[in-house]
Amino acid sequence: MGTLQIQNISLAYGDNKLLNRVSLTLSTGEHVALAGSNGSGKSTLLKIIKGLLASDEGNVILTKGMRISYLPQGEIVHAGKTLYDEVEQAFSRFEPLLERKEALEKTLSVLNEEEEHLDLTNELDALQEELLRGSYYRREALIFQILKGLGFDREDFNRPCHVFSGGWQMRIALAKVLAEEGDVMLLDEPTNYLDIDSLLFLRSFINKYKGIAIIVSHDQDFLDETVSVVYELFNGQLTAYKGNYTHYLVQREEELAQAVKRYREQALQRAKTEQFIERFRYKASKARQVQSRIKQLEKSEIVEIPDHLKRPKFTFPPGGHSPNEVLVVQELEKHYGSLQVFKDFSLLVNKGDRLAVTGRNGSGKTTLLRIISQVDHDYSGKVKLGNGVKIGYFTQDSVDSLTLENSVLEEVEAVAHTSAIPSLRSLLGAFLFSGDEVHKKVSVLSGGERSRLALAKILLQSANLLILDEPTSHLDIATKNVLLEALQSYQGSLIFVSHDTHFIKNIATRILYLSATKEELFEGDWDYFSWKMAERGYFEEEGEERIVNTASLNWQEEKRLKNRLTILKRDADNLLEKINTLSHKTAEVESLMALPENYSDRSKITALVKAQETLEKEYKSAEELWFDLHHTIEELEGQYGF
């Protein structure tokens, strides 16, 4: 059992005290979330824990021997190695052990002194045992499992890293962090750029992870499934809330209601006090009372409401009449060169539908939205919008339509309906542009800020069909919830691409799942979609789909499946025992190879080398078979709940 202690960490930038004597202690097995508004210091605190940033005061204390793995938010580029070799660097922690092992073997090959020989042999045995306990000899299988889970194909393993795009670069970084098997894992927005399949893999991985995990994320469902405590950073202070993120929000809503009440009472009292001071400031007879009230104002603490919990309201402008058939797609076929994206695909979207489009990256989600939005005309088949349908289309490329010379406020005023102008500042505040930030020029905004502004502009336009491609990508949880509430009350039709399960769960009435080989429409919400996927045992492996029909298990089928699971577990246990035996035999052979009397005898060393090669082949074969069995067992347990 190890611990991570953060003791009285403080950090200030000028007059801004970002962290003020922050402390917490976490033990092995604890998974927690860091919450707070943008700029509250979450990422900064992770960097201090990792040792990448020095604090003004305080200490970070780890139990001796514990290692920290860290995933930053972005701006990571890998080059110079293949994908597999890059991720294999996560096992460099074993290099000192391997170098020492090699040095001991060389020394033992020329030693004759029995006593020293025994000490070195014991040390070599201890090193070998440590390597066997670790994951070094299992690294190939572990790397395969992680890369496959994060959406890479086998063909990607030998591709050079520099050919992967920015989102895939972050997946490479995440793969390395997972493969490092650190005792403490610091994850700053790990779900960015992940599709549904990869997201579920990461969630499962973290739930099985036995170390300390500190997670910063804007994915509410992901946090609900992976953490048991939320630590909120507000005004430089850290406060713990037991439970998952949704439970934290409930607790915070209750506190917020009390804070709003105190804020209003305080504002009223301060106004009365300021009126008294202003009225009697120059009356000598009231001087003592005036001074008393001035001191009272100076001493009173201002009640503040955390920015990330403020919930400004936003409503859509009227979109006009919409026909019952909003969109008709018939026999759509789309190619990029020799790559076929859609073939004989048909879809009907009716008035009021909320259609979520999800699935693996590269399956054609964005392409479909571009075709529907009439941006991409290079296809065959029929795509027809109903009469009177007016589209509002948001994509990450929408930032290109922004006018760089405009201020943030001017940019939204240019498209806003007259009735919406009085509430524009409130809307911009919801999209994280508050105070003087509304006067910033578009040209100085970051990529994420421009994306939020482009989304706000789309939402201000009058449309009865909204088509949104990853609208939550650059939004924090509070802003997502503002958008969520607005979309729930939106009177038009909605087609959106998202990998945010909380967002899909609370909006979608139909779900279109795209895979590498087919499209499937689920006539129901997220719960129905999840149930059908689990019921079918739907998995994508190496581009092929395997569907198991389990619609209604009778007692005989259930018994058969349970018997199969029992046999698989027994076989897996036997294989694991065999793997351990082979490991010990390999270690024994390596020890014999290091003995001088064997090392100098050509016939003996040849036989030992041959025995070592045979054992290593058996070990690798048994290990691969064990991983296959283990994967099958996990699928059955997850699929049937056994």
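Here are some notes:
- When residues in region 608-642 are screened for being of a type in the set (Ser, Thr, Tyr) and at pLDDT below 75, 2 of them pass.
- Verdict on Leu98 being outside the structural domain of Gly447 (by TED's automatic domain parsing), in contact with a strand residue (DSSP E or B) (Cβ under 8 Å, 6 or more places away or on another chain) and on the phi < 0 side of the Ramachandran plot: no
- Residue selected from region 53-94 under the condition in contact with a Ser or Thr (Cβ under 9 Å, 6 or more places away or on another chain) and of a type in the set (Phe, Trp, Tyr), by the criterion surrounded by the most Cβ atoms within 10 Å (Cβ to Cβ): Phe91
- Residues that are out of contact with any Gly (no Cβ under 8 Å at 6 or more places or on another chain) and surrounded by 18 or more Cβ atoms within 10 Å (Cβ to Cβ), drawn from region 326-350: Leu347, Val349
To keep it simple, each residue is scored yes or no on (1) in the same structural domain as Glu523 (by TED's automatic domain parsing); (2) in contact with a Lys or Arg (Cβ under 6 Å, 6 or more places away or on another chain); (3) aromatic (Phe, Trp, Tyr).
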site	(1), (2), (3)
Leu332	yes, no, no
His335	yes, no, no
Ser338	yes, no, no
Val341	yes, yes, no
Phe345	yes, no, yes
Leu348	yes, no, no
Ser363	yes, no, no
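- The number of residues in region 1-29 being crowded, with 18+ Cβ neighbours inside 10 Å, over 16 Å from Glu232 (Cα atoms) and under 26 Å from the mean Cα position of the chain (by Cα) comes to 1.
- Evaluated against (1) under 30 Å from Gly58 (Cβ atoms); (2) outside the structural domain of Gln7 (by TED's automatic domain parsing), Lys261 falls short on exactly one condition, (1).
- A single entry from Phe314, Phe280 fulfils the requirement of being in contact with a helix residue (DSSP H, G or I) (Cβ under 6 Å, 6 or more places away or on another chain), at pLDDT 65 or above, under 28 Å from Ser426 (Cα atoms) and outside the structural domain of Gln491 (by TED's automatic domain parsing): Phe314.
- Residue count for region 454-482, restricted to those that are under 23 Å from the mean Cα position of the chain (by Cα) and in contact (Cβ under 8 Å) with a residue 40 or more places away in the chain: 15.
- Scanning region 1-44 for residues that are assigned to a strand (DSSP E or B) and of a type in the set (Val, Ile, Thr) returns Thr3, Ile6, Ile9, Val22, Thr25, Val32.
- Contacts under 7 angstrom Cβ, first residue in region 266-279 being without any contact (Cβ under 8 Å) to a residue 40 or more places away in the chain, partner in a helix (DSSP H, G or I) and surrounded by 11 or more Cβ atoms within 10 Å (Cβ to Cβ), 6 or more apart: Arg270/Leu297; Thr273/Arg293; Thr273/Gln296; Thr273/Leu297; Phe276/Arg293; Ile277/Val290; Ile277/Arg293; Ile277/Ile294
- Region 414-440: number of residues that are surrounded by 12 or more Cβ atoms within 10 Å (Cβ to Cβ), part of a helix (DSSP H, G or I) and either in contact with a Ser or Thr (Cβ under 9 Å, 6 or more places away or on another chain) or of a type in the set (D, E, K, R) (or both): 7
- Checking each residue in region 153-178 for being among the hydrophobic types (A, V, I, L, M, F, W, C) and under 20 Å from Lys208 (Cβ atoms) picks out Leu174, Ala175, Val177, Leu178.
- Residues in region 227-240 that are touching a Phe, Trp or Tyr at 6+ places or on another chain (Cβ under 9 Å) and touching a residue at least 24 places away in the same chain (Cβ under 8 Å): Val227, Val229, Val230, Tyr231, Glu232, Leu238, Ala240.
- Residue within region 442-451 that is surrounded by fewer than 19 Cβ atoms within 10 Å (Cβ to Cβ) and farther than 19 Å from Thr479 by Cβ present: yes
- Residue in region 428-435 that is touching an Asp or Glu at 6+ places or on another chain (Cβ under 9 Å) and on the phi > 0 side of the Ramachandran plot present: yes
- Flag for Gly381 being in the same structural domain as Gln330 (by TED's automatic domain parsing) and at pLDDT 90 or above: yes
- Hey, Asn207 of a type outside the set (Ser, Thr, Tyr) and at positive phi or not: no
- Top-ranked residue in region 362-413 [being surrounded by fewer than 14 Cβ atoms within 10 Å (Cβ to Cβ) and touching a residue at least 60 places away in the same chain (Cβ under 8 Å); ranked as nearest to Ala463 (Cα to Cα)]: Gly388
- Where a residue in region 143-162 is within 10 Å of Leu83 (Cβ to Cβ) and its partner, wherever it lies, is small (Gly, Ala, Ser), with Cβ under 7 Å and at least six apart: Ile143/Ala179; Leu147/Ala175; Cys161/Ala79
- Which listed residue, of Gly320, Gly352, Gly386, is on the phi > 0 side of the Ramachandran plot and assigned by TED's automatic domain parsing to the domain that holds Leu494: Gly352
- Output for region 608-631, where each listed residue is within 15 Å of Val589 (Cβ to Cβ), within 40 Å of the chain's Cα centre (by Cα) and surrounded by fewer than 17 Cβ atoms within 10 Å (Cβ to Cβ): Glu616, Lys617, Glu618
- The combined condition, being among the polar types (S, T, N, Q) and assigned to a helix (DSSP H, G or I), is not fulfilled by Ser363.
The values are calculated or read from the model by the stated rules, or taken from the named source; none is laboratory data. Note that the coordinates shown come from a computational prediction; the quantities given were computed from them, not determined experimentally. Neighbour counts run over all protein chains shown; Cβ positions are idealised from the backbone, glycine included.
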